[in-house]
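Chemist: This structure is in structure tokens; I'll ask about it shortly.
The values are calculated or read from the model by the stated rules, or taken from the named source; none is laboratory data. On a predicted model such as this, the values are computed, not experimentally measured, just so you know. Glycine also receives a Cβ, built like all others from the backbone with ideal geometry; neighbour counts cover every protein chain displayed. Only protein heavy atoms, including side chains, enter the accessible area calculation; ligands, DNA and RNA are left aside. Shrake-Rupley method; radii C 1.70, N 1.55, O 1.52, S 1.80 Å.
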Protein chains: 2
Amino acid sequence: MNALDIITKKRNGEKLCREEIDYFIHGYAANRLPDYQMAALLMAVFFQGMDFEETAGLTNSMLHSGDILNFKNVDGFKIDKHSTGGVGDKVSLILAPLVAAAGLKVPMISGRGLGHSGGTLDKLESIPGFRTNLSVEEFYRQICDLGVSMIGQTEMIVPADRKMYALRDATATIESIPLITGSILSKKLAEGIDGLVLDVKTGRGAFMQNFKDAETLATSLIRTAELNGLPTTALITNMDQPLGNTAGNWLETREAIEALHGNGPEDLVDVTFALAAQMLVMAGFAANVDQARKELQKLIINGKAFQKFCDMVQAQGGDLAFIDEPEKYPPSKIILPVLSEQEGYVQKLDARKIGFAVVHLGGGREVMEDRIDYAAGVVLYKKIGDFVRENEVLAELHTDRRDTVETIRKDVLSAFEIGEERMQKPELIFRVLKKSES
Amino acid sequence: MNALDIITKKRNGEKLCREEIDYFIHGYAANRLPDYQMAALLMAVFFQGMDFEETAGLTNSMLHSGDILNFKNVDGFKIDKHSTGGVGDKVSLILAPLVAAAGLKVPMISGRGLGHSGGTLDKLESIPGFRTNLSVEEFYRQICDLGVSMIGQTEMIVPADRKMYALRDATATIESIPLITGSILSKKLAEGIDGLVLDVKTGRGAFMQNFKDAETLATSLIRTAELNGLPTTALITNMDQPLGNTAGNWLETREAIEALHGNGPEDLVDVTFALAAQMLVMAGFAANVDQARKELQKLIINGKAFQKFCDMVQAQGGDLAFIDEPEKYPPSKIILPVLSEQEGYVQKLDARKIGFAVVHLGGGREVMEDRIDYAAGVVLYKKIGDFVRENEVLAELHTDRRDTVETIRKDVLSAFEIGEERMQKPELIFRVLKKSES
């Protein structure tokens, strides 16, 4: 077996066997195969694809390039949620303590934001003192004690993905369903979970901009996860406009706290409950989604979900003062309203533009090395379907960057399309996919 | 402009502009761009192709990564021939001195053999003392003095191709028409010639095994050469069976000497004359191909072609003793006949198998580092269309490798397909392509 033959085989559209995939992935992870051969294979996969069996093999091979967490001795159903990313997506911050309050164990390993898309780790780290770099032992103990912990990737988990992702980023091979599937699922499988719920986003602010692609990715993820023995449900949800009314790390964390108090915006709460309800059903904690929703609602009303969030923040070193009184968080130097120049109904609100506005306000990254201004971001006062008068506030910019804020005001204004036509609130959840349906 | 955008563009099937190609090729040649990004681009080109304008840009960009020979002050028409490679193809050894004897200037830069396919440099170096590594100054002076010189690639000529070819070889991106075109033509353009004749081979022993692919390559070569200002004619010729009656370096050199004496096998002489005649016509040394053939025939009969060959061998340090008396060349230790096991007409003679037999007899390379036994090879006594009796000699193996010769005898025997049906001698020259036709 050699790398050239494997590249040639995939290039010719043939199916790779498990041994060939292992040879390539493990050889690459161990620096026995050069970057250029992996780059050639990745581009060949981009063009020729992989079937579900190959994708499952790829995922498993990547998984075994590093450590796999073992929660076998931890009582209860271990479950996680993963989102393919979007703008204003602070669901994890609400959902993880919420389902932990219901009695599930949530060992959540998250990522950082890049480009227009935010990341859960950055949102958590906007809480002063919050540590996302727990050791595996600390993580394990917290899952036992609290039922929930949210951390970042460690060096030891799926090192093959770390290397491959950096290479894909430099070789235009990100946008490949089997490669995306392997990257997502290898990391989720490494959490040692019993079940997984996926939020596959589609629309302007999502990685998969059209529904068909999102459905293809969701199907690939479910089939691949099942072939690796992980029961998985996927929701395809709308990411045409940002989720909730905020985009930017602390602004979103604050909105998540509001939601845990029962005061979240409708779309954010709906998506969070839809995902969380699937998790309860999967774990056998509820007979169906409706019953699960009622249970979740109770945990919001009785304060147990918020309490779980506070316990987690405290356990991970975060300053509870800002959780108790979010208004005390140091604000941005500039808070600039974006006024509507016309009257009418919001027809469209471009999530992608809002996402990039957050980056340019200082709240995101253009490259992985950028530092983040946690307070920076956008607050949305109007969303699709809302009526707005001339000179009424559409949004608010939070930033310390005086010299670029005017440019960004124009960008954010242009993200709103306003017209005379009355608009329905857009559909939020397009489809729920499980094994039998996918 | 950056490498990732250029890879993405080609991956998406878009046309690259000249600046983008230059950025990538020159950046790579200068080690500013990493191998993995070039590997990704090469694989994207493999799948998406390049149009003639892009291919011409690629060729020109590769050409300008190094030195270009300048024969502007050398009187006369500078011309070269290039073959896409095959088995028993010793045409260059006859053709170069032949057309030089006719008054053309032939600054020929050739390659080495690899795999089943032989190389002109190895054949020349089978002559004791023959130097193929002349300096550019020596090469230039010899073209002025003799009108012909045959050397190998120098470090300074098209360094981009050297790097790219090694990378293509390791990334399964050899078989791409635009990349093959760029590799061949950048090196020919670097010779500073006024015209080019191509021998694009097709059949079992050729790189392009079917006619359609050979025609596509020939068209790409002609169009790309013309876009770079180099008048080019291509012949598509048959490489189902070896050309001439020998395969192996010294055996072929000796056959070339025979041909220069007027005693060459018919197919070898026909292909050589067809190519050489096109060169004379292109240079304006003959009104048409028939007139050119007569002129060439004269140069064989009057000994001028052979004399030019001797002058070149002498100028490049080769021992003329073996040119004058080839029978004095130290023979292989083993000369084993391959006897036919049946009676009939030779239906097929697999050039590829003969090519690999030469390698296994010691006369070729499996990898570029292998040393060559110049005396080793195969002499063919029967070719397609010939009648053979049981136990009559089909071929003769020349080798020092006692332990493998029996295996190779069987391989060579299996290269012959013998049947009852009478066979015509196969067609040799399928098509002549010029600018207007391609």
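Chemist: Which value, in Å² and to the nearest 10, is the accessible area of residue A:423 when all protein chains are kept and the probe is 1.4 Å?
Modeler: 70
Chemist: Here's a follow-up. Per-residue accessible area for residue A:211 at 1.4 Å probe radius, Å² rounded to 10?
Modeler: Surface open to solvent at residue A:211 totals about 80 Å².
Chemist: Out of the total accessible area of chain B (probe 1.4 Å, heavy atoms of protein only), what percent is carbon and sulfur?
Modeler: Of the solvent-accessible surface of chain B, carbon and sulfur hold 48 percent.
Chemist: Quick one: of the DSSP bridges fully inside the protein assembly as shown, what percent are antiparallel, nearest 5?
Modeler: Roughly 55 percent of the DSSP beta bridges within the protein assembly as shown come out antiparallel.
Chemist: Mind checking the angle between helix B:405-415 and chain B's longest principal axis? C-alpha axes, 0 to 90 degrees, to the nearest 10.
Modeler: Approximately 80 degrees, to the nearest 10.
Chemist: Moving on. Just to make sure I understand: if all protein chains stay in place, what is the order of A:325, B:417, B:252 by accessible area at 1.4 Å, largest first?
Modeler: Ranked list, largest accessible area first: B:417, A:325, B:252.
Chemist: Could you check the spin-label model distance between residue A:53 and residue A:435? Points 7 Å from the Cα along Cα→Cβ, value in nm.
Modeler: So the label points at residue A:53 and residue A:435 sit 1.9 nm apart.
Chemist: What distance in nm lies between label points placed 7 Å from Cα along the C-beta direction at residue B:298 and residue A:422?
Modeler: Modelled inter-label distance: 9.8 nm.
Chemist: Tell me, what is the Rg over Rh of chain A, with Rh the Kirkwood radius over Cα pairs?
Modeler: Reported Rg/Rh (Cα atoms, Kirkwood Rh): 0.97.
Chemist: Shifting gears a bit: Of the DSSP beta bridges with both residues in chain B, give the percent that are antiparallel, rounding to the nearest 5.
Modeler: DSSP beta bridges in chain B are roughly 55 percent antiparallel.
Chemist: Listed highest first by mean packing, meaning other Cβ atoms within 10 Å per residue, what order do B:339-349, A:393-403, B:59-69 come in?
Modeler: B:59-69, A:393-403, B:339-349
Chemist: Angle between the Cα long axis of helix B:159-171 and the longest principal axis of chain B, 0 to 90 degrees, nearest 10?
Modeler: Between helix and principal axis, roughly 70 degrees.
Chemist: Then there is this: Above 49 angstrom, tally the Cα pairs of the protein assembly as shown and express them as a % of all pairs, no decimals.
Modeler: Details: 150681 of 383250 pairs.
Summing the P(r) tail past 49 Å for the protein assembly as shown gives 39 percent.
Chemist: Return, ordered by residue number, the residues of the range B:226-253 whose backbone nitrogen is under 11 Å from a label point located 7 Å along Cα→Cβ of residue B:19.
Modeler: Zone members listed by number: none at all.
Chemist: Follow-up. Mind checking the mean number of beta-carbon atoms from other chains within 10 Å of the Cβ atoms in B:29-39?
Modeler: 4
Chemist: Considering only protein heavy atoms, with the full assembly of protein chains and a 1.4 angstrom probe, order B:32, B:254 by accessible area, largest first.
Modeler: Details: B:32 165, B:254 95 Å².
Accessible-area ranking of B:32, B:254, largest first: B:32, B:254.
Chemist: List, shortest first and in nm to one decimal, how far the label point of residue A:297 (7 Å from Cα along Cα→Cβ) is from its counterparts in the other copies.
Modeler: Nearest first, the other copies' label points are 10.3 nm away.
Chemist: Which FRET efficiency value, to the nearest 0.05, is calculated for residue A:400 and residue A:370 with the Förster distance at 22 angstrom and r the Cβ-Cβ distance?
Modeler: 0.95
Chemist: Now, a different point. Just add up the charged neighbours of residue A:390: K/R +1, D/E -1, any other residue whose Cβ is under 13 Å from the Cβ of residue A:390.
Modeler: Net charge around residue A:390: -1.
Chemist: For residue B:403, place a label point 7 Å out from Cα along the Cα→Cβ vector, do the same in each other copy, and report the separations in nm, one decimal, smallest first.
Modeler: Going from nearest to farthest copy, the values are 7.4 nm.
Chemist: Could you compute the net charge surrounding residue B:143? Neighbours are other residues with a C-beta less than 9 Å from the C-beta of residue B:143; K and R count +1, D and E count -1. Can you show the working numbers first?
Modeler: Numbers: positive: B:78, B:105, B:141; negative: B:145.
Local net charge: +2.
Chemist: What does the structure give for A:11-17 when I average, per residue, the other chain Cβ atoms found within 10 Å of the residue Cβ?
Modeler: Working: counts 7, 2, 0, 0, 0, 0, 0.
Going residue by residue through A:11-17 and averaging, the value is 1.
Chemist: Can you compute the charge dipole magnitude of the protein assembly as shown about its Cα centre, using +1 on each Lys and Arg Cβ and -1 on each Asp and Glu Cβ, nothing else charged? Give it in debye, rounded to the nearest 20.
Modeler: In debye, rounded to 20, the protein assembly as shown gives about 100.
Chemist: Put B:273, A:52, B:322 in order of accessible area, largest first, 1.4 Å probe: what do you get?
Modeler: Working: B:273 15, A:52 65, B:322 35 Å².
Ranking B:273, A:52, B:322 by accessible area, largest first, yields A:52, B:322, B:273.
Chemist: So, one more: With a cap of 16 neighbouring Cβ atoms within 10 Å, and only residues DSSP puts in a loop, list the chymotrypsin sites (Phe, Trp or Tyr not before Pro) found in the range B:352-383.
Modeler: Loop-located and lightly packed - B:381.
Chemist: Another question, if that's okay. Counting only other chains, and only Cβ atoms inside 10 Å, what mean value do you get across the residues of A:166-172?
Modeler: Partner-chain Cβ atoms within 10 Å, mean over residues of A:166-172: 6.
Chemist: Per residue, how much accessible area does the protein assembly as shown show when a 1.4 Å probe rolls over the protein heavy atoms, in square angstrom?
Modeler: That works out to 40 Å² for each residue.
Chemist: Distances from residue A:330 to the same residue in each other copy, label points 7 Å out along Cα→Cβ, in nm, shortest first?
Modeler: Relative to the other copies, residue A:330 has label-point distances of 8.5 nm.
Chemist: Right, something else. Could you compute the net charge surrounding residue A:337? Neighbours are other residues with a C-beta less than 14 Å from the C-beta of residue A:337; K and R count +1, D and E count -1.
Modeler: The answer is -1.
Chemist: State which entries of B:105/B:201; B:328/B:353; A:81/A:201; A:382/A:425; A:333/A:382 exceed 18 angstrom in Cα-Cα distance in the structure shown.
Modeler: Values: B:105/B:201 24 Å; B:328/B:353 29 Å; A:81/A:201 13 Å; A:382/A:425 12 Å; A:333/A:382 23 Å.
Pairs exceeding the cut-off: B:105/B:201; B:328/B:353; A:333/A:382.
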